[in-house]
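Below is one structure; the comments refer to it alone.
The values are calculated or read from the model by the stated rules, or taken from the named source; none is laboratory data. In this text the structure is predicted, and so the values were computed from the model without any measurement. So basically every Cβ, Gly included, is an ideal-geometry build from the backbone, and we count neighbours across all protein chains shown. Surface accessibility is based on the protein's heavy atoms, side chains included, excluding ligands, DNA and RNA. Shrake-Rupley method; radii C 1.70, N 1.55, O 1.52, S 1.80 Å.
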Amino acid sequence: MKPIDRSPDMYDPRDPHPDELVSRLGRWSAGRGPLYLLLAARLRRLVDEGALPPGALLPPDRRLAKALAVGRTTVVAAYDTLRQEGRLVRRQGSGTRVARPALAPEAPGGADTLPGAETHRGTETARVSETSNPLFLHLLEAPDDVILLSCAAPAQPPPELAEAYRSLVLPDGDLGYHPAGLGVLRAAVAARYTARGVPTDPEQILVTTGAQQGLSLLTRLLLAPGDGVLVEAPSYPGALDLFREAAAVPLPVAVGPDGLDVAEAVRVMERHRPALAYVVARFQNPTGTVLPPLAGRRLVAAANALGVPLVDDEVLGDLAFDTAPDSASPSPTSSGESPSLSAYGEVIAVGSLSKVVWGGLRIGWVRGPVSLVARLARLKALHDLGCDVPSQLVAARLLDDFAAVRAARLRALRAGHAHLRAELARLLPSWSCAPATGGQTLWVRLPHGDGVSFAQLALRHGVAVLPGATADALGGSVRRLRLHFLLPPETLTEAVRRLAAAWAEYTPGPGPERSSLRGFTV
């Protein structure tokens with residue numbers, strides 16, 4: 001089939017959008033040398049690794065330059081360097097494409113067919129097989145002088161974790177394979193739900209390798225290519241990645257000051273009957289909002305009545321700032337927090353210890369109907385035969401005396417929250433953000449420009465931030481950044497100083513007020 005001749009400003013749904021390519025480039029500018037050589041080096045690696053497959057159309061010079069906050073000559077020089085190496089082909093009228101290897105057969109469907117694109121139920125969907133999420137890609141970079149305000153997780157484990165490992169006693173006569181999780185840990189997690197007013201049996205708990213695996217297993221079990229999935233806009237980028245991988249069709253619903261627009265969510269469920277609805281009811285990631293109890297009750301009732309599986313991501317639910325210091329469990333009546341959605345009806349809850357204890361303790365869980373948990377356990381057995389037993393034993397011990405660990409984490413979060421807000425007010429007074437009532441991030445609004453291009457300039461000043469557009473399937477949140485406050489005070493001060501220096505240099509060009517999360521194009 002003859003290749004489609006397209007203007008450089010026209011995009012196929014399967015081609016990398018500038019924002020997506022920027023995410024894949026990672027910390028490309030953090031090295032030494034001319035920017036065009038650094039950009040060419042990272043593009044070269046993406047081509048050689050197959051992340052940019054043969055035939056892929058790259059963004060036009062001006063568009064990519066704007067997204068990277070560099071001059072157009074930088075992009076032109078990088079493209080020309082790779083053209084001279086034979087990795088790119090540049091033609092007037094058809095743009096810049098990744099070159100095809102010599103003697104490579106043309107892909108079925110023509111030169112414009114890229115790996116991962118497929119047709120399902122009459123709708124073209126873009127399936128991805130790896131993340132382009134800057135939140136994760138920053139973790140894959142080699143250590144350098146960049147301060148990571150992008151990935152929000154405790155900077156170090158609490159002393160209670162090390163003590164639990166020191167006193168660990170391994171079981172006798174145990175093969176060590178427990179796909180559904182160790183009985184002692186399932187019972188401990190179930191007891192916490194029961195104490196919060198959600199009666200739970202251990203058989204309703206599946207232990208997972210962090211909450212991310214719990215979301216991954218639910219996605220694999222409940223979603224097929226082309227299925228609709230209700231998501232908040234903006235939402236947790238790690239969940240959006242999973243739905244992209246499943247080639248699901250997003251049904252985004254806006255998040256306002258009081259969380260998800262439940263009235264619109266109900267209309268979407270009535271109209272589309274999605275295969276899954278995913279929400280973060282408490283301290284929503286990234287906005288930090290809390291869904292009011294009456295709204296949560298209405299959402300659960302509608303999902304149950306319509307037969308839509310509702311997943312509530314509770315990973316941040318324990319981080320209410322106004323919780324009493326000696327309280328082991330969140331109070332459902334505290335002003336900064338709603339009860340668990342699971343108290344209102346059938347909800348699939350996902351949680352973990354990564355935000356209260358430490359991200360390196362890869363223990364999470366799914367709470368749901370016994371029949372669903374049994375199916376998830378069989379699926380998990382297919383992938384890893386169960387979580388690490390020592391970590392499960394340690395997690396069970398920590399849950400027995402959770403109050404002290406949680407209280408210490410909350411003290412640090414309150415202090416970090418106050419310090420970051422004070423530094424932003426001092427050095428970046430034109431930026432705006434509401435105070436958080438819990439969680440670990442601020443949702444910052446820039447007075448002008450866009451988060452994607454500013455994040456690139458911030459990287460060159462040594463600080464990584466998460467642009468809001470990468471978390472928004474509606475294409476909004478363009479002027480937003482998500483910043484966490486989990487680092488020591490002196491590091492937060494230095495991070496804001498670097499952000500202020502980057503902002504002083506930032507000169508945004510004219511652009512749209514809305515962006516596009518290209519992985520969701522259908």
(message) If the requirement is being touching a residue at least 24 places away in the same chain (Cβ under 8 Å), open to solvent by less than 20 Å² (accessible area, probe 1.4 Å) and more than 29 Å from Leu291 (Cβ to Cβ), which of these qualifies: Gly364, Gly368, Gly386, Gly360?
(response) Gly386
(message) Suppose we filter Asp5, Asp12 for residues that are at pLDDT below 90 and under 27 Å from the mean Cα position of the chain (by Cα); which single one remains?
(response) Asp12
(request) Working only within the range 396-429, note down all residues that are charged (D, E, K, R) and part of a helix (DSSP H, G or I). (result) Arg397, Asp400, Arg406, Arg409, Arg411, Arg414, Arg421, Glu423, Arg426
(request) Can you work out which of the residues in the range 204-252 that are polar (S, T, N, Q) and in contact with a Cys (Cβ under 9 Å, 6 or more places away or on another chain) is nearest to Val308 (Cα to Cα)? (result) Gln213
(request) Enumerate the pairs (first residue in the range 263-281 and farther than 25 Å from Ser216 by Cα and assigned to a helix (DSSP H, G or I); second residue anywhere and open to solvent by less than 30 Å² (accessible area, probe 1.4 Å) and among the small types (Gly, Ala, Ser)) with beta-carbon separation below 9 Å, excluding pairs fewer than 6 apart on the same chain, so at least 6 apart or on different chains. (result) Ala263/Ala295; Glu270/Ala302
(request) Collect the residues in the range 354-373 that are within 29 Å of Ala275 (Cβ to Cβ) and either modelled with pLDDT under 95 or touching a strand residue (DSSP E or B) at 6+ places or on another chain (Cβ under 9 Å) (or both), keeping them in residue-number order. (result) Ser354, Arg362, Ile363, Gly364, Trp365, Val366, Arg367, Gly368, Pro369, Leu372, Val373
(message) Test of understanding: among Val279, Val300, which residue is of a type in the set (A, V, I, L, M) and surrounded by fewer than 24 Cβ atoms within 10 Å (Cβ to Cβ)?
(response) Val300
(message) Quick check on my filter: what residues within the range 342-390 are under 23 Å from Ala164 (Cβ atoms), part of a helix (DSSP H, G or I) and out of contact with any helix residue (DSSP H, G or I) (no Cβ under 9 Å at 6 or more places or on another chain)?
(response) Val389
(request) Identify all residues within the range 34-45 that are out of contact with any Gly (no Cβ under 6 Å at 6 or more places or on another chain) and either among the hydroxyl-bearing types (Ser, Thr, Tyr) or open to solvent by less than 50 Å² (accessible area, probe 1.4 Å) (or both); write none if there are none. (result) Tyr36, Leu39, Ala40, Ala41, Arg42, Leu43
(request) Quickly run through the range 150-173 and pick out the residues that are aliphatic (A, V, I, L, M) and either at pLDDT 95 or above or farther than 19 Å from Leu319 by Cα (or both). (result) Leu161, Ala162, Ala164, Leu168, Val169, Leu170
(request) List every residue pair whose Cβ atoms sit under 6 Å apart, with the two residues 6 or more apart in sequence or on different chains, where the first one lies in the range 456-478 and is farther than 11 Å from Arg27 by Cα and assigned to a loop (DSSP other than H, G, I, E, B) and the second, anywhere, is among the hydroxyl-bearing types (Ser, Thr, Tyr) and open to solvent by 20 Å² or more (accessible area, probe 1.4 Å). (result) Gly475/Ser515; Gly475/Ser516; Val478/Ser515
(message) Suppose we keep only residues that are touching a residue at least 40 places away in the same chain (Cβ under 8 Å), in a loop (DSSP other than H, G, I, E, B) and of a type outside the set (Gly, Ala, Ser) within the range 17-33. Which one would you say is surrounded by the fewest Cβ atoms within 10 Å (Cβ to Cβ)?
(response) His17
(request) Would you check which residues across the range 400-418 are over 25 Å from the mean Cα position of the chain (by Cα), open to solvent by 20 Å² or more (accessible area, probe 1.4 Å) and aliphatic (A, V, I, L, M) and list them? (result) Ala403, Ala404, Ala408
(message) For the range 206-220, check the following and say yes or no: at least one residue is under 18 Å from Val280 (Cβ atoms), of a type outside the set (A, V, I, L, M, F, W, C) and open to solvent by 30 Å² or more (accessible area, probe 1.4 Å).
(response) yes
(message) With the requirement that a residue be touching an Asp or Glu at 6+ places or on another chain (Cβ under 7 Å) and modelled with pLDDT under 95, what does the range 374-403 give you?
(response) Ala403
(request) Within the range 73-89, identify whether any single residue is among the charged types (D, E, K, R) and under 21 Å from Asp19 (Cβ atoms), and answer yes or no. (result) no
(message) Can you tell me how many residues within the range 435-447 are more than 20 Å from the chain's Cα centre (by Cα) and either open to solvent by less than 10 Å² (accessible area, probe 1.4 Å) or modelled with pLDDT under 95 (or both)?
(response) 1
(message) Given the options Gly238, Gly197, name the one that is open to solvent by 20 Å² or more (accessible area, probe 1.4 Å), touching a residue at least 24 places away in the same chain (Cβ under 8 Å), of a type in the set (Gly, Ala, Ser) and closer than 27 Å to Pro257 by Cα.
(response) Gly197
(message) List the residue pairs whose Cβ atoms are under 8 Å apart, where the first residue sits in the range 214-229 and is over 26 Å from Cys387 (Cα atoms), the second is of a type in the set (Val, Ile, Thr), and the two are 6 or more positions apart or on different chains.
(response) Pro225/Thr125; Gly226/Thr123; Gly226/Thr125; Gly226/Val249; Asp227/Val249; Gly228/Val249; Val229/Val249
